[in-house]
1. When the stretch 128-144 is examined, which residues are found to be touching an Asp or Glu at 6+ places or on another chain (Cβ under 7 Å) and either among the hydrophobic types (A, V, I, L, M, F, W, C) or open to solvent by 20 Å² or more (accessible area, probe 1.4 Å) (or both)?
2. Out of everything in the stretch 305-317 that is assigned to a helix (DSSP H, G or I) and open to solvent by 40 Å² or more (accessible area, probe 1.4 Å), what residue ends up being farthest from H42 (Cα to Cα)?
3. For the stretch 1-54, give me every one of the strands (runs of 3 or more DSSP E) that falls completely inside it and has 3 or more residues that are open to solvent by less than 70 Å² (accessible area, probe 1.4 Å) and hydrophobic (A, V, I, L, M, F, W, C).
4. Assuming R255 fulfils every condition listed in (1) assigned by the TED database to the domain that holds L165; (2) closer than 29 Å to A141 by Cα; (3) open to solvent by less than 50 Å² (accessible area, probe 1.4 Å) apart from one, which condition is it?
5. Please verify whether the stretch 185-203 includes one or more residues that are within 18 Å of R155 (Cβ to Cβ), modelled with pLDDT of 95 or more and not hydroxyl-bearing (S, T, Y).
6. State all residues of the stretch 273-286 that are open to solvent by 30 Å² or more (accessible area, probe 1.4 Å) and in contact (Cβ under 8 Å) with a residue 24 or more places away in the chain; if no residue qualifies, say none.
7. Return the residues of the stretch 182-196 that are free of Cβ contacts under 8 Å to residues at least 40 places away in the same chain and charged (D, E, K, R); say none if nothing qualifies.
8. Restricting the search to the stretch 204-249, which residues are within 24 Å of P263 (Cβ to Cβ), of a type in the set (A, V, I, L, M), outside any strand (DSSP E or B) and touching a strand residue (DSSP E or B) at 6+ places or on another chain (Cβ under 9 Å)?
Amino acid sequence: MQAFQVNAPQDYRLVETEIPDAAPGEVLVRVAFAGICGSDMHIIHGDNAFVRFPRITGHEFAGLVEAVGEGVEGVAIGDRVCVDPVISCGRCYPCRIDRPNVCTALEVIGVHRNGGFEERVNVPAGNVHRLPEGLGLDAAALVEPYTIAANVLDRMQPHPGDRLLILGAGVIGLTILQVARALGIEDVTVSDVIDARLATARELGATRTFNGAEQDVEAEIQALTDGEGMPLIADAACVPALLPQMLRMASPAGRIGLLGFTPTPSDLSQLEVIKKELTLVGSRLNNRKFPEVIELMASGRLDPLALISHRLPFDDMPGAIEMLDHHPERARKVLIQIGA
């Protein structure tokens, strides 16, 4: 079968590999669609400290169950499924307090073990989620990025009437926008430096947008809130240098959700945090958010297909990587069709 394999940083290609058998406790999924994520690009660039090469990447995917391993119950051959990439031990402190997405023995499909950029992949049976009728496999491949959004919003604990500021209108910023609106947050401001992305944000329900290359976003927020600041700020730009500005733009008792996965340090004014009693929360992957997001998609409250800018066949996967490397502004979500 065909697979997309990263052998080392900047060394990737389509390869032929053996079709695996369904392992005990696991199911074999015939992948239909898979999305390319920014973290897949980080692996290709050598910026992911957890990956071991060679690796078949891909953690946003959906398909059909082709075989079930010994001891598997509740999943049948032919089931249409998407896959939660988070694998946890169930025994460590985070797992015991219901935070398995930061398990001390965490494994992520597509990072620590082979992922969905292959025609068939083995995954733990507990990580597959059956899809309701009417939810297409192309949309279901994008459940995972929406769980990232659902997780950071849950970590920020919105109150009724809270306003939300999203920094960055890339894919994660747009999923946060859609999930926030679906959960009842009515006033959502989005900032970015690319007008096309801001136009998409407005199409998807942003109350207002600011172009940070042309406008003083901090001054705009202060004017908008009569100097009070924003109760909720989600950092989907993931630029460490923006943290001081986020602290200034946050309201007293505000919550800031951080998603950036970089070792680059940020300046943090302890005075700004303490005088406002701010809450800064990190958000990694998702904490069992797949059922919630699947229900939101099935009910029509999320529009995952609006994120897709390119649909490409598996043979074009190397070219898709080249495009995202050299012209990221041309793409939102690139969806790869792997199987029929």
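The values are calculated or read from the model by the stated rules, or taken from the named source; none is laboratory data. Since this is a predicted model, take the numbers as computed values, not measurements. Cβ sites come from the backbone with ideal geometry, for glycine too, and all protein chains shown count toward neighbours. With ligands, DNA and RNA removed, areas are computed over all heavy atoms of the protein, side chains included. Shrake-Rupley method; radii C 1.70, N 1.55, O 1.52, S 1.80 Å.
1. Result: H129, R130, A141, L142.
2. Of all residues in the stretch 305-317, those assigned to a helix (DSSP H, G or I) come to 305-307, 314-317.
From the residues that got through so far, the ones that are open to solvent by 40 Å² or more (accessible area, probe 1.4 Å) too are 305, 315-316.
Values: L305: 24, D315: 21, D316: 19 Å.
The residue in question is L305.
3. In the stretch 1-54, 2-8, 26-36 are the strands (runs of 3 or more DSSP E) which contain 3 or more residues that are open to solvent by less than 70 Å² (accessible area, probe 1.4 Å) and hydrophobic (A, V, I, L, M, F, W, C).
4. (2)
5. As a first pass, look at the stretch 185-203 and keep what is within 18 Å of R155 (Cβ to Cβ): 185, 188.
Of the ones still in play, those that are also modelled with pLDDT of 95 or more are 185, 188.
Filter once more, keeping what is not hydroxyl-bearing (S, T, Y): 185, 188.
Yes.
6. Taking the stretch 273-286 first, the residues open to solvent by 30 Å² or more (accessible area, probe 1.4 Å) are 274-275, 277, 279-280, 282, 284-285.
Across the stretch 273-286, the qualifying residues are E277, T279, L280, G282, R284, L285.
7. The answer is E186, D187, D195.
8. Correct list: A236, A237, V239, L242, L243, M246, L247.
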